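So the structure is just underneath, and the comments pick up after that.
The values are calculated or read from the model by the stated rules, or taken from the named source; none is laboratory data. Quick caveat, the model's predicted, so the values are computed rather than measured. Backbone-built Cβ (ideal geometry, glycine too); neighbour counts: all protein chains shown. SASA here: full protein model, heavy atoms, side chains in, ligands and nucleic acids out. Shrake-Rupley method; radii C 1.70, N 1.55, O 1.52, S 1.80 Å.
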Amino acid sequence: MSKAKKTESDEEKFERFAKRVRIHEEAWSTVMSETVDDQRFAAGNQWDEEVKRLRTAAGLSSVTYNPIPGNVRFIVNRERSEMPQFHIDPVSEGADKNTAKVRNGIAIHIQNSDDAKAAFLKGLRDIAIGGIGAWKVMATKTPKPDGTDEYNIEIHRILNATKVRFDPNAQKKSYSDAVDCSLEEWIPKDDAEELYPDADFTPSKDGKNSSAFTENAVQIVTYWCLNKETMRWEQYILSGNEILESNTAYKGHHCPIVFLTGEEDYIEEDRHFKGIVRDVREMCMLHNLAKSRIADFISRAANQQWMYTQGQTAGYEKIWRSSNLNGLPGLPYNRTDDGAPIRLDPPAAPQGSLDVAQDVGNDIRNTIGIRDPMANLPSNVSNDTMRLHLAQSNIGTLEFVDNWREAIRWTGEIVDDLIPSYYAYPHIRQIQGLDGQVTTIPIQQAYTENQKQVFHDLTVGKYAVSISTGPSYESSRQEAATKISELLQADPALMQMYGDIFFRLQNWDGAEEMAARARTQVPPAALAASNATNGDEQDVQAQMSQLLQKLQMLDAQNKQLGQENQQLKFEKAAKVTEIQARSHADIFRQQKDHEFEASQNQVKLGAQSQQIAEKGVVDTDLLHTQGEIDLALESHKGHTSVFHKKLDHDFAQSHVSPAIQE
């Protein structure tokens with residue numbers, strides 16, 4: 001026979017919880033102390049107080065040249081432009097793809113709130129500085145006019161992550177295997193008494209809890225623990241004396257506080273976390289000292305320095321002490337046997353400090369792992385090369401970014417766990433797409449859409465959470481608009497099918513109205529296939545198949561046009577070659593005919609000349625014949641010149657570009 005479990009009193013619970021809180025504080029005290037020091041250093045507190053006091057007393061400067069904020073902004077703002085998002089996908093056990101779209105639309109709507117973005121970015125900033133960050137997932141309750149309550153899942157930042165302390169025995173990076181955690185905060189005593197009028201906010205007589213109270217403030221601890229029977233987490237609000245409030249109705253199976261860390265080190269049995277500050281603190285202090293010496297040199301070099309005796313300035317001490325401030329054209333002095341005061345040359349530049357300042361600055365950048373993204377970058381690089389170069393400039397800090405993205409993915413696990421617990425009741429819920437479009441969807445109730453019965457049951461199915469990173473929606477929108485524009489130019493008939501999408505992707509005035517009008521021309525089947533809640537998978541596949549066939553047809557047409565164009569080029573080249581060959585043959589044949597005729601005339605002329613020589617008589621008819629031969633030779637030369645010009649013209653025409661010939 002099993003024993004009945006003993007009921008634990010509130011006092012016993014409090015003692016058990018208070019003991020766990022003390023264990024948390026002891027385990028995390030060193031880590032949190034180091035993180036606080038890093039935060040102060042990053043805020044500009046980079047001088048030892050005693051050294052700064054002595055330098056100030058000696059009239060020396062204490063310059064703080066702080067490179068930390070710029071490097072932190074570089075890490076954070078790179079991710080701000082490409083914010084990762086977690087997505088919910090169906091896995092098994094009755095998970096429906098269209099219901100998964102609804103769950104994913106709820107998740108995107110939660111993430112796109114200003115509070116969620118602020119929480120994520122602050123968490124990244126905190127781990128980049130000190131290695132510790134946190135945010136929380138809350139199910140807030142809002143009373144409705146009909147007397148019921150409406151819940152909304154929200155993500156909020158935790159202002160001071162060093163007050164979050166998780167189970168020190170947790171081993172997973174996400175701390176998802178922790179069994180409890182605590183969050184400490186201090187509130188004014190008057191506010192605490194107003195919130196909990198029946199509570200006792202005075203220290204105990206033995207003084208054990210005196211650290212939880214001051215004259216004007218009270219320490220409040222929010223303690224979360226896993227109930228191993230229900231496997232749900234429970235919340236308790238503790239003071240130094242008692243349990244002030246309990247929330248055992250929380251429906252989540254995961255701790256709603258997300259804890260993330262930076263670079264993690266184990267030294268013997270001790271755990272240490274750090275950001276970019278820890279390893280460059282001494283470098284920054286040396287840099288500040290070198291910069292301060294340079295500043296002191298500049299200050300002294302700009303002042304006039306004099307060597308004089310006390311008698312020379314007697315009666316004029318006040319004027320001489322302020323000589324570098326009043327801008328007098330001259331300074332009065334007393335004539336003595338020592339002569340006039342002597343003006344000293346300005347001191348030499350502190351070359352050592354100049355070298356140290358430059359070298360340490362480079363060392364700081366190398367240690368942090370962020371190099372100048374524009375250094376050694378040619379001016380004529382492509383956009384892809386530019387993006388790759390910028391991505392590599394941040395490669396030394398990827399550990400922080402990877403841990404941050406994993407924390408966002410784990411946040412998706414928490415949200416996905418809470419959705420069926422807090423949203424599975426009949427109501428109308430806003431969801432959001434990747435393009436930022438917000439729509440309303442009935443949840444846990446049947447409705448008709450596109451002549452089909454639709455019901456989204458958030459309590460059924462198993463889903464998985466993934467995370468996506470990449471360009472912001474604005475960049476993706478511009479790329480999509482360009483691609484669709486090219487598709488529509490290739491086939492304008494596609495405007496009827498995709499015109500509404502094309503106009504919605506534009507960012508000029510009137511685009512939304514044009515998209516709404518173009519949507520009225522889209523076939524109903526296409527609208528049903530693109531609807532986020534449509535349950536007919538066959539229609540979707542059919543639309544995708546039609547689009548694929550259309551693209552294949554366009555590709556085939558382009559290939560056919562290319563082949564025909566190539567064939568025309570071959571035929572044109574053959575025709576040009578034929579014309580050139582025929583022209584050369586005709587010219588050659590005509591030239592040979594003229595040469596043969598000329599040779600015959602020359603032979604005839606020779607024979608007649610021989611007869612004249614023999615007879616010794618000048619025949620006028622022979623002279624006339626000689627003239628005809630001369631004219632024939634000249635005519636032959638003319639014909640040859642014309643044929644050569646025609647050949648040159650035909651050759652030039654054969655080398656004219658196809659575009660000009662057409």
Worksheet item: Among the residues of region 436-476, which ones are under 25 Å from residue 403 (Cα atoms), exposed (fewer than 14 other Cβ atoms within 10 Å of the Cβ) and at pLDDT 90 or above?
Response: 466
Worksheet item: Quick check: anything in region 47-55 β-branched (Val, Ile, Thr) and out of contact with any helix residue (DSSP H, G or I) (no Cβ under 6 Å at 6 or more places or on another chain)?
Response: yes
Worksheet entry | Residue count for region 228-245, restricted to those that are of a type in the set (Ser, Thr, Tyr) and loosely packed, with under 15 Cβ neighbours inside 10 Å | 1
Response to the item:
Counted residues in region 255-284 being surrounded by fewer than 17 Cβ atoms within 10 Å (Cβ to Cβ) and part of a helix (DSSP H, G or I) come to 3
Item to complete: Give 563, 549, 489, 496 a once-over and let me know the one that is part of a helix (DSSP H, G or I) and either at pLDDT below 70 or open to solvent by less than 100 Å² (accessible area, probe 1.4 Å) (or both).
Response: 549
Worksheet item: Can we say residue 50 is in a helix (DSSP H, G or I) and open to solvent by 70 Å² or more (accessible area, probe 1.4 Å)?
Response: yes
Worksheet, complete the sentence: Matching residues in region 53-76 (in a helix (DSSP H, G or I), closer than 18 Å to residue 365 by Cα and open to solvent by less than 70 Å² (accessible area, probe 1.4 Å)) number 8
Item to complete: Output the number of the condition that residue 138 fails; it satisfies all remaining conditions of (1) open to solvent by less than 40 Å² (accessible area, probe 1.4 Å); (2) in contact (Cβ under 8 Å) with a residue 60 or more places away in the chain.
Response: (1)
Worksheet item: Before we move on, is residue 93 without any contact (Cβ under 8 Å) to a residue 12 or more places away in the chain and over 20 Å from residue 274 (Cβ atoms)?
Response: no
Worksheet entry | Every residue from region 170-197 that is in a loop (DSSP other than H, G, I, E, B), open to solvent by 20 Å² or more (accessible area, probe 1.4 Å) and without any contact (Cβ under 8 Å) to a residue 24 or more places away in the chain | 171, 172, 177, 197
Worksheet entry | region 81-113, residues that are within 23 Å of residue 69 (Cα to Cα) and either assigned to a helix (DSSP H, G or I) or open to solvent by 40 Å² or more (accessible area, probe 1.4 Å) (or both) | 81, 82, 83
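For region 412-431, enumerate the residues that are part of a strand (DSSP E or B) and open to solvent by 30 Å² or more (accessible area, probe 1.4 Å).
From region 412-431, those part of a strand (DSSP E or B) are 427-431; that's our starting set.
Within region 412-431, 428, 430 qualify.
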